[in-house]
Every structure is written in C-alpha cells, then in structure tokens.
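Worksheet: the structure to be examined is printed underneath.
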Amino acid sequence: MVRLDENEMSFPDPLLYDGHEGVIAFGGDLSVERIWFAYTLGIFPWYNPDEEILWWCPDPRFVLFPEHLRVSKSMRKILNRNIFTFTENKDFRAVISNCQKIGRRGQSGTWLSDELMESFIRLHEYGLAKSVEVWQDDELVGGFYGIQMGRVFCGESMFAKVSNASKAGFIHFVQTHRDELDIIDCQSHTDHLESMGAEMISKKEFLTILYQNNERR
C-alpha cells in the first residue's frame, strides 16, 4: 500500500497498482477535494472509525448496468401497491445519519465516521452527492446516498426500517434514471443487490467506463 501525504493531492494509478485485496493507499485526509478526486479515479474510502483511512479500488468491481435490473414478481406487487413514495435530495442528512447507525458489509457497528459523514454532506451541498428517500405514511423508512459523476452513480450506503424499503427505493431510482446512467457502482458484493441484477466486472472494465464518462463531463 502507498502512504498518502496530507499536503499532496495524489493517489497511485489504480490501473497500474493492485494493492492488497483492493486497498491501494492509506492515510491522507477526508477533505471534500480529496474525496471527490478519489471518486473520479474509481477510488473510495472505507475504514473503521479511529483507525487509519484506507482507500479502495477492488478487482473485480461489483456494479449494476441499469438495463440489467431485475425486479422480482414479489417486488412488482409491492411497487404496484404504492405503499412507498420516493423523493430525491429532500433530506440528505437524515439518510446518511440513518446509514451511519447501521452495520455494513457484515460488520458490527458503523463504518461511517462523523468526519466522513460531514464531508459527504458538504459534497451534497455542492451538488456532487445525492440521496434517495423512501417514505411510508410520511415517515422516512429507507433510502440511500452516493456520488453522482455524470452518467456514473457511485452508491455508498443504504438503510431500511421496514421490509423492502431500500429495495423499492433502489428499483425506483434505477427505473427513473436508466436512460441517464451508464453504470451504478455498488463497490463490493451483497446478495441484496445481486438479486436485482448487480454483477462483478473487472477493475479495468469499470475504470474504462468511468474515465470515458469523465472525459464527457
């Protein structure tokens, strides 16, 4: 792994550097500028609070091509019942705060530190991060947030307080924006997203799509 200098905005080239199990760098800081730069390179932070910041670019990469979205019969019935309503960017702070309170990727506790959360909130204020909210009877029951870069959406975390809320929100988001997105980055594997059509592709394929998107923006 490469140690990052807090005073220098640089990362190892993820196309040339494999790192250890997807970790390509550590250290640095969580400034808005560094986080945004990392995402444009296909790199994201993921670490335990109070530990060294780790920067990841896994190979393979877990993604969803919008045209490959699968909606099960049971989810179609739920969506057709209109038990949920959906908004975007209505309450980013509430969504990310709920995501902070739940475990992720098989871990106990939260992976989202207060400092990282505040950086994502600032990215949202700059129009670079977005949230999707899922409501039931005027109560926020699910949602997710991520980084939007042109035709690439990098999903970060989701939460659900009632069954199927996050699934319904994700399906609604993909169906609403399928013509505006080339790929949704899910980062690492979950059965939850695989059931909806997410798949593994090589790091090289993912970065090729991302860099082509960057050139168009």
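The values are calculated or read from the model by the stated rules, or taken from the named source; none is laboratory data. Here the structure is a predicted model, which means the values were calculated and not measured. Neighbour counts are summed over all protein chains in view; Cβ atoms, including those assigned to glycine, are modelled from backbone coordinates with ideal geometry. Side chains are part of the model used for accessible areas, which takes the heavy atoms of the whole protein and leaves out ligands, DNA and RNA. Shrake-Rupley method; radii C 1.70, N 1.55, O 1.52, S 1.80 Å.
Assorted remarks:
- Matching option when the condition is of a type in the set (F, W, Y), modelled with pLDDT of 95 or more, assigned to a helix (DSSP H, G or I) and within 27 Å of E51 (Cα to Cα), among F120, F170, F144: F120
- Selection status of S131, more than 22 Å from N164 (Cβ to Cβ) and either open to solvent by 40 Å² or more (accessible area, probe 1.4 Å) or at pLDDT 90 or above (or both): no
- Single match in S72, S10 (criterion: at pLDDT 95 or above, open to solvent by less than 60 Å² (accessible area, probe 1.4 Å), of a type in the set (G, A, S) and out of contact with any Gly (no Cβ under 7 Å at 6 or more places or on another chain)): S72
- Picking from residues in the range 131-141 that are among the acidic types (D, E) and part of a strand (DSSP E or B), the one that is nearest to K90 (Cα to Cα) is E133.
- Among the residues making up the range 148-187, a single one is polar (S, T, N, Q), over 16 Å from S131 (Cβ atoms) and in contact with a Gly (Cβ under 8 Å, 6 or more places away or on another chain): Q187.
- Every pair of residues 6+ apart whose Cβ atoms lie under 7 Å, when the first sits in the range 85-97 and is at negative phi and free of Cβ contacts under 8 Å to residues at least 60 places away in the same chain while the second is assigned to a helix (DSSP H, G or I) and surrounded by 15 or more Cβ atoms within 10 Å (Cβ to Cβ): F92/I121; F92/H124; R93/I121
- Residue in the range 177-193 that is over 23 Å from R61 (Cβ atoms) and in contact (Cβ under 8 Å) with a residue 24 or more places away in the chain present: no
- Considered as a group, the residues in the range 173-202 that are open to solvent by less than 10 Å² (accessible area, probe 1.4 Å) and assigned to a helix (DSSP H, G or I) include one that is farthest from I83 (Cα to Cα), and that residue is V174.
- In the range 1-116, counting only strands (runs of 3 or more DSSP E) that sit wholly within it, the ones holding 1 or more residues that are of a type in the set (A, V, I, L, M) span 2-4, 23-27, 54-56, 61-64.
- Counted residues, the range 147-163 - those being within 16 Å of I102 (Cβ to Cβ) and outside any strand (DSSP E or B): 3
- S166 vs. criteria of a type in the set (S, T, N, Q), on the phi < 0 side of the Ramachandran plot and under 16 Å from the mean Cα position of the chain (by Cα): yes
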